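Every number in this text was worked out from the coordinates using simple rules, so none of it is lab data. Predicted model, so just to flag it, every value in this text is computed and none were measured. Glycine gets a Cβ as well: all are built from the backbone with ideal geometry, and neighbour counts include every protein chain shown.
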Amino acid sequence: MEYISKNIENKWQKFWDENNSFEPSEDLTKDKKYILSMFPYPSGRIHMGHVRNYCIGDAFARHFRKNNFNVLHPIGWDSFGMPAENAAIKNKLHPKKWTYENIDYMRQELRSLGLSFSKNQEFATSDELYTKWEQEFIIKMYEAGTIYRKSATVNWCPHDQTVLANEQLEDGCCWRCGTEVVQKEMPGYYVGITKYAQTLLDDLKLLENNWPSQVLTMQENWIGRSEGLEFKFDLTKESRAKIERAFTKYFVFTTRPDTIYGVTYSALAPEHPIVKYIVEKNLLPEKKIKAIKEMQKIQERDRAVLEKEGIDLEIEAVHPLTGQTIPIWVANFVLSSYGEGAVMAVPAHDQRDFEFALKYKLPMKQVIVGKDGFIEKPTEAFVDEGTLIDSESFSGLSNSDAKQAIIYHFEQNSLGIKKVNYKLRDWGVSRQRYWGAPIPFVHCPTCGLVPEKIENLPISLPEDVEITGEGNPLDKHPTWKHCSCPKCGENALRETDTLDTFVQSSWYFLRYATNYKKWQKEGISKEDSNYWMDVDQYIGGIEHAILHLLYARFFTKVLRDLGYTNSTEPFNRLLTQGMVLKDGAKMSKSKGNVVDPDMIIEKYGADTARLFILFAAPPTKELEWNDSAVEGAYKFIKRFYERSNNVTKSGVEGIFKIDHSILSKEEKEARKKVYDALVKSNEVLNKTYAFNTLIASCMEALNALQTQKNELIWAEAYYILTNILEPVIPHTCWEISNELFSLKNFEKSLEVKEEVFEKDSIILAVTVNGKKRCEIEVSPTTTKEDILILAKQQASKWIGEAEILKEIVVPNKLVNIVIKA
């Protein structure tokens, strides 16, 4: 047989399509495997990162099908989002048309790789039916208090007239138009993820054995749990008057109550209500007001790397224990998103506070000493364990004991409370753009904010809009936003904000877990969900390790609490694949270093692309593109295919009649190499994910067959190798298997025959006084006495007439003879 990839691949892709080969069974009593790769945004073309992601997932899916599991392996499209609007502006094409044309093209690209996706379960998040069921549970989340509306400061692009996520800013400017972003107070919808902060943190323990440790750590740090003391600073009488009595106090949170006697100033975030009031009312000199406004423009995530900056607000607070007055500053290192956006500053025991105090010549007071005692001229903050000094009745306590004692004192005297804080903030999901899922609420002059009636869903997007990039087209539509109040029937306005697209990608796995027939009628099927969930193997990029995975975990818990599923965690096992690089840089259109998968498929075939992408590096590591390695992958497949000509009909008929005991040493070794590959396959697909080692084992087995004439060995080898390589190069393996075995070797899992690993003889090293002198070959059943006789014979010239002091036999390894020197 001659290897012509295009003919073989077209044949089997057509066969799989016509026979619906990859649809999961509707029998919910079978053992199942749910294999899922993170779904793509339909940008127009797939890239090698897609190829790697989906080939890994496909290998799992194909492996488990052959092992008699009911396999769900779906694909879909994360199809809402701003890129479609950008394309609409650029190409004067409706976002919907652009999106679905891209889906059609990319679907064919994925098909050309021979990926074993379910066709029936495919969907796009912009499908109206997906929006319908999403809007239903959004309303239920609102009724449960998990979604709410409030005003908050957001990133606002004055040109595009839209809110931007932090991730959509580039150097403080809009990623789309380059306009400088401003901070603006406006109403929006928020998802109460902080209600689930502790649960999200605690349930990471459920994932410890099956998720990469670095991902668990990233999630833990993002949630950011900390325990400490929350208390209030009262403003002095003069300060209250200075800010027109708009505020009398503010709250701070600290994880270091043991240092409270070392407070020498307090600092507020630039967005703190007191700071905003001072700026709005111009209660400071113009130079200071201008400096604060500049500070407010800088995003919180960018401030960490900036030099610490501050402005004296010219007001003071009263220390809650000593009664002393302390100055209040605004500082760029204080974050409004953590605690109350205010800190007590203890420069002697906090490096950040220390650097700020040093710069602005603020006092420092040491209240904890280590074994070296008081530090006269500190060059950095003292942050080690120690003993309290100058802390009234708490002096003399260790700082760890003092933490709890001071918190207890605050609570007993109603000065403050013990509190747990999280860095995690509630998630703002409002977006002022067209191409997204409409938020299903109505604004009524009489009733206020009212959810739409469930029976009126979905609230669909109007298609007669013009995308200009300026403002939200839904606001400008002449009729769409006008409606009747679902509660009182009076004239009302529909909500024109649409949902952040992270919402759609936070529950899509539950869509797949519902049979498409049930989906039409009932949305998420609890029966189906209870069968398919959790996802057994999830595959995606490390760049999604925080937000996407955190939001998916959150939505799973919310939908569980609303009764849609019994699942607590969505993804049982997680594999984060490394990036595909070329010339040391991540492949991207902007860098001009993209390798087009279509060109690889056209020249070498899909199986070559699949083999290369799985062989070039372990899946969790970065993969450097190598043209010669692609050529090498093609040559291996061609050699593997064409050597199948060595398999004879009589060899096939005698596969299961091999008498291992009568095989020659070379035949036994060749057979062992094949079974080594089978063992490696089970290990890789169930434990290590190292596909490169599986492929290498198959290459070694093929090399070992080269000198063989035994037709039974050849037939058995191809029976096994086509089975274990099918997840990697399916077209080639189906063609060979069909020709030689009528596909019967794909019907069930293969058993490892232990006989092939039994050794006819073993090699033992012989050492004299610990130094290796020779080797002996013996049967595994040779007695210790006979081993020693043979060893002493072979090492006689090193032993000579010397007295033997000790004789040691280490089974299967060596013989050590100790002689008198």
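Assorted remarks:
- Along region 738-743 the Karplus relation, 6.51 cos²θ - 1.76 cosθ + 1.60 evaluated at θ = phi - 60°, assigns HN-Hα couplings of 5, 5, 9, 10, 6, 6 Hz to successive residues, with x for each Gly and Pro.
- Cα-based radius of gyration for the chain, normalised by 2.2 N^0.38 Å, reads 1.22.
- Antiparallel DSSP beta bridges within the chain, percent to nearest 5: 80
- For the residue pairs 30/119; 784/820; 308/423; 276/359; 308/591, the alpha carbons lie more than 27 Å apart in 308/591.
- When you count the other C-beta atoms within 10 angstrom of each residue and take the mean per peptide, 229-235, 653-659, 700-706, 591-597 line up highest first as 229-235, 700-706, 591-597, 653-659.
- For region 226-419, size of Cβ-based charge dipole, Lys and Arg +1, Asp and Glu -1, in debye: 680
- Karplus-based coupling profile of region 240-257, in residue order and whole Hz: 4, 5, 5, 9, 6, 6, 5, 9, 10, 7, 8, 10, 10, 10, 9, 8, 10, x, with θ = phi - 60° in 6.51 cos²θ - 1.76 cosθ + 1.60 and x standing for Gly or Pro.
- Across 140/453; 140/557; 287/365, pairs whose alpha-carbon gap is larger than 20 Å: 287/365
- Charging the Cβ of each Asp and Glu at -1 and of each Lys and Arg at +1, and nothing else, the dipole of the chain about its Cα centre rounds to 220 debye.
- Think of the chain as a dipole: +1 on every Lys or Arg Cβ, -1 on every Asp or Glu Cβ, centred on the Cα centre; then among 600, 767, 707, 767 lies furthest on the positive end.
- Global geometry of region 171-297, whether rounded, prolate or oblate, following the gyration tensor of its Cα atoms and the 1.5 cut on a/c: oblate
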